[in-house]
1. Can you compute 3J(HN,Hα) from phi for each residue in segment 28-37, using the Karplus curve 6.51 cos²θ - 1.76 cosθ + 1.60 with θ = phi - 60°, rounded to whole Hz and x for Gly and Pro?
2. About the Cα centre, and with charges only on the beta carbon of Lys, Arg (+1) and Asp, Glu (-1), how big is the dipole of segment 102-172? Nearest 20 debye, please.
3. Run the numbers for TYR107 and SER19: contour at 0.36 nm per residue of separation, minus the present Cα-Cα distance, in nm.
4. Which of the pairs LYS60/LYS285; LYS172/LYS280; LYS80/LYS285; LYS8/LYS300 have their Cα atoms more than 32 Å apart in this structure?
5. Amide H neighbours of ILE177 under 5 Å, at least 5 residues apart or on other chains, H built in the peptide plane: list them.
6. Per residue of segment 204-216, what does 6.51 cos²θ - 1.76 cosθ + 1.60 with θ = phi - 60° give for ³J(HN,Hα)? Whole Hz please, x for Gly and Pro, Karplus curve as stated.
7. Do the alpha carbons of any pairs in LYS202/LYS240; LYS61/LYS295; LYS125/LYS160 sit beyond 25 Å of each other, and which pairs?
8. Hey, can you grab everything whose amide H is under 5 Å from the amide H of TYR229? Only 5+ residues off in sequence or another chain; H modelled, so Pro and N-termini drop out.
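Nothing in this text is a laboratory measurement; each read-out follows from the coordinates by a stated rule. This structure is a prediction, so every number in the text was calculated from the model and none was measured. Cβ coordinates were reconstructed from backbone atoms using ideal geometry, including for glycine residues, and neighbour counts include every protein chain displayed.
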Amino acid sequence: MENILEIKNLNLFFRGEESDYQALYDVNLDFEKGKLHSIVGESGCGKTMTVMSVIRLLPKKAYIKSGEILFNGENMLNLKEHEMRKIRGNKIALIPQDPMTSLNPLYTIGNQITEAIMAHNKVSKHQAMRKVREVMDMVKIPDINNKLNSYPHEFSGGMKQRVIIAMALACKPELIIADEPTTALDVTIQKQIMDLIQELQKELQTTIILISHDLALVSNYADTVNVMYSGRVTEKANSKEFFENPMHPYSAALINSLPSANAKGKLNTINGAPPNIREKISGCKFHLRCERFEKGLCDKEIPELREKSANHFAACFKI
Ligand SMILES: Nc1ncnc2c1ncn2[C@@H]1O[C@H](COP(=O)(O)OP(=O)(O)O)[C@@H](O)[C@H]1O
Ligand SMILES: [Mg+2]
């Protein structure tokens, strides 16, 4: 078992007007080659900042204070911007959170995919155009001849997402990061796109990191689950183990609030909302919402992420 990507003790801060504030705390994550991994958690917990650290497309005010990001064993934090540019799109591709805005309305679909291919491969325009058909076929865009000359506004949301995936695949990346790739789509289309992503992942043996706030979706597609809360990893395990035996009270609460867990009509939701990251909270950041809260412990000490059973990690004193 080989890890394509390892994030070690990653600490990320934002420059603030009065003082800087921390958004990621000692994030440790491993991603085994050839699998479909997931990072889950409520909005604002640091999922996007974690993967943006990997490809180093961070907001201006964000900075990485310490940590390592090993891609095929090499610490990418030592790479210069021009070296990162060679990795982005080539070896690591991003399917962004808002794919609808990442297509240029002024150019045809065929043009944009051709550009994406030529930006990363030393190929002639003719070769690139052949490749365009190949990738459009892979993502099952029908009626390719016609679609090549269409503009983004002529495409439905699902079709636009297929184009984005085609562009991501064009350079045969080793790793694809999909940040909430189906959030903007309706449920039926969401399933089609996720089925496509899973199928391509199996066929091409690519590694995928899927970011989602939707645990139901993750349970259907991901091989591993990595849960984050307030900038920290709170639990990680393979998917089957995670859903059979969630350890962290936060994970248990997330699973409990799934519609399938509410079959008897009782709606379980997690009390309250995640804290603002600027808020200083001592101890475990989940203690304010936690059913297993122990005064004097959980509000004082920070629980480390520990291996509680084989390959199943959780950060909680009460397990
Ligand atoms: N551009 C930004 N400027 C300042 N703070 C930001 C910015 N983007 C994100 N953050 C902060 O970083 C935290 C993590 O954000 P993010 O990784 O986008 O969360 P997620 O993807 O899990 O919803 C958020 O709580 C937010 O307050
Ligand atoms: Mg996000």
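1. 10, 9, 10, 10, 6, 4, x, 10, 9, 8
2. Numbers: 10 positive and 5 negative charges, 46 e Å.
Dipole size: approximately 220 debye.
3. Full-extension gain reported as 27.4 nm.
4. Values: LYS60/LYS285 26 Å; LYS172/LYS280 43 Å; LYS80/LYS285 35 Å; LYS8/LYS300 25 Å.
In this structure, LYS172/LYS280; LYS80/LYS285 lie more than 32 Å apart at Cα.
5. Here ALA93, LEU94, ILE95, ILE209 satisfy the definition.
6. 9, 6, 7, 8, 10, 10, 9, 9, 7, 9, 9, 5, 5
7. Details: LYS202/LYS240 18 Å; LYS61/LYS295 36 Å; LYS125/LYS160 23 Å.
Long pairs (Cα-Cα over 25 Å): LYS61/LYS295.
8. THR234
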